[in-house]
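J.: Would you mind keeping the following structure in view while I ask a few things?
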Amino acid sequence: MTDSPIKSALKDFFFFWKPSLARRLTLSFTIFGLVIGYAVLIYLAVSSTNTLIRQASVSVEEYLTYMSREDLRENQGELLKFIDQKMTNIVHMAKAMQVVLLPVQFELYFKKDGQWQHTFTDEQGIVTSEIISNPGLAGLLEVAKSRKMTTSSKFFYGRHDKVNVKINISPDKNNYTQLLAFDIYRVGILKILRENIYKAFFFFVLLLVICHMMGHIFSYLLARPIEQLSREAEAIASGQYERRFTSNRQDEIGKLADALNIMASRILDSTKERENIFIGILIALTRAIDAKSPWTAGHSERVTKFAEAIGRSLHFNEDEMRALTISAILHDIGKIAVPEQILDKPGRLTDEEFDVIKKHPQTGADIIASIPSYESILTGIVHHHERWDGKGYPRGLSEKDIPLIARIICIADVYDALTEDRPYRKAWSREQVRQFFEENRGKMFDSDLVDIFLKLPEIGTFEPGP
C-alpha cells in the first residue's frame, strides 16, 4: 500500500528538517565558519582602527618634537604638508588596510583670538583655510582641546561607519590651540562582499567543501560507535542477553557501553531467574502429571536423559542443548488435559480415546506458548509424535520437515515407553527394543538418529523395566 501524495510530501518535508548526523554537522561547521569569518572581519576592522590611531598619535608626538612653536602657530599650510610627508607610513598603513578601512586624510583645526579655523587640502591638492561657522563643530573642538586625544568610536558590528580622531598638538594651552584631525572610515561587511564577490564566493564554496568533509569525518567517528551500540542493543532487545558491548573508549561512549553491559547483565540475571522459576514450576507440573499414573513416574526425566545423550553426540551448542532439555522434560505437559482413565486404561484405546491422546502435543504447545521467550522449545513439544514416514500426529509431517529436536525426543520417548511396564504390557527386553528400532528406522524414526542412539553408552548399560 503506497502513501498518498500529501502524506509523502509531509514525510519529505519533515525528513528535510531532520537530516542525518553528517548533514547536521556539516551545517553546524558551515555556520561556525561563517561566524568565525564575521568575527575575523570585525576584529580586523576594530584592531586596524586602534592600530592606526595609536600609530598616528605616536608619530605626531615624535614629529612635533622637531617643530618649533612658530611653525605650529604661523605656518598652517606648511604644517599640514609637513604632517602629510612625515606620516607617510600611517597613510600606507591605511591603504594596506583598505579591505576594512578607507584612505585617511589629515586636517588641522586651530583657535586663534577666540575663533576656530580649519586648514585642509582640497581636491586639487591646494592647502586651504576657512573659518568655522558651525556651532556644533566648534563645540566638539572645544571639548577636544581639553584632552590629549578624542575619538568618536562606537561599537562596530559590520555596518559602514566613521571614526573621527582629534589629537591636541597645541604648543601651549593659554592663547593658542592646535588640533590634528582625521576620519577613519570602516567598510561594512556587505560592501566588502559586493566589492569582493568572487573572493567571497570562492571562500564560501571552499568553506562548504571543508565543512562537508569535516561533517562526514566527524559523523563517521561519532556515529560508528553509536551504530555499533545500537546494533548490540537491538540484539539484546531481541533476547540475546549474552551479547556484550566491546569498547576501549574512555569517553562518554565508553561509559555508555559499560552502562549498557551492566544493564544487559542485570537483564540476563533477571531473565534467568524468571526462567528458572518457570522451569521449576513446569517441571513440578510435569512430575505431577507423571505421578498421576504409577506407570509413567519418572518418564519425563528419563526421556530428557536419553535426548541429552543424543544432543551431545550431535555436538549441540549451549542454546540448542538448553532447548532440547526443556522440550524433552516438558514434552508430555499436555497430558494434563487427558483423563486418568485413558492414561491408565489396561486395554486397547478406542478411536475416540486415541483422538483425545493425540491432542496432548498441541495442548502442551498451547500451554508453553503463553510463556515469553519459549518459542524455541515449542517444536519439540508439538511434534514429538510425528513419524519419519508422515503417519504421525498432530501435523503429519515427514522426514526433514520434522524439527530435529522433535525427532530426537520421539526416539527417547518411544525407547522409555518400550522399556517400562505399562498397564497393557510388560517392559520389553533390550534385544526386543533394538530389533524394534532397526525395523522402524526410515519408517517411524530418522535412520541417522537411530544409528547414533543405539551406539550410546547410556543405552548399552540401561536395564529395561523396574
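The values are calculated or read from the model by the stated rules, or taken from the named source; none is laboratory data. What you are looking at is a predicted structure, and each value in this text was computed from that prediction instead of being measured. Please note: Cβ atoms are built from the backbone with ideal geometry, for glycine as well, and neighbour counts cover all protein chains shown.
J.: Please name all residue pairs, on different chains or six or more residues apart, with Cβ atoms under 8 Å, provided the first residue is in the stretch 426-447 and is crowded, with 17+ Cβ neighbours inside 10 Å and the second residue is among the basic types (K, R) and not in a loop (DSSP other than H, G, I, E, B).
T.: Filtered contacts from the stretch 426-447: F445/R407; D446/R407.
Residues are listed down the side, and each one gets a yes or a no for (1) closer than 23 Å to V450 by Cα; (2) of a type outside the set (G, A, S):
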| site | (1), (2) |
| --- | --- |
| L349 | no, yes |
| I367 | no, yes |
| H383 | yes, yes |
| P403 | yes, yes |
| R407 | yes, yes |
| A417 | yes, no |
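J.: K145 fails exactly one of the following numbered conditions: (1) farther than 20 Å from G33 by Cα; (2) in contact (Cβ under 8 Å) with a residue 40 or more places away in the chain. What is the number of that condition?
T.: Answer for K145: the failing condition is (2).
J.: Here's something else I'd like to know. Answer yes or no as to whether S133 is part of a loop (DSSP other than H, G, I, E, B), in contact with a strand residue (DSSP E or B) (Cβ under 7 Å, 6 or more places away or on another chain) and over 30 Å from R23 (Cβ atoms).
T.: No; evaluated as a whole, the condition is false for this residue.
J.: Here's another thing I want to ask about it. Among Y185, Y198, which is the only one that is surrounded by 14 or more Cβ atoms within 10 Å (Cβ to Cβ) and either closer than 20 Å to H118 by Cα or of a type in the set (F, W, Y) (or both)?
T.: Just one listed residue meets the conditions, Y185.
J.: Checking N164 against (1) among the polar types (S, T, N, Q); (2) at pLDDT below 75; (3) in contact with a helix residue (DSSP H, G or I) (Cβ under 9 Å, 6 or more places away or on another chain), only one condition comes out false. Which one?
T.: Here N164 meets the rest and fails (2).
Condition check ((1) assigned to a helix (DSSP H, G or I); (2) at pLDDT 90 or above; (3) under 18 Å from D451 (Cβ atoms)) across all residues:
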residue	(1), (2), (3)
R302	yes, no, no
F306	yes, yes, yes
G311	yes, yes, yes
F316	no, yes, yes
M321	yes, yes, no
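J.: Can you tell me which condition V165 does not meet? The list is (1) farther than 17 Å from E61 by Cβ; (2) surrounded by 13 or more Cβ atoms within 10 Å (Cβ to Cβ), and all the others hold.
T.: (1)
J.: A follow-up question, please. Any chance the stretch 382-393 includes a residue that's part of a helix (DSSP H, G or I) and either small (G, A, S) or at pLDDT 90 or above (or both)?
T.: Yes, some residue in the stretch 382-393 is part of a helix (DSSP H, G or I) and either small (G, A, S) or at pLDDT 90 or above (or both).
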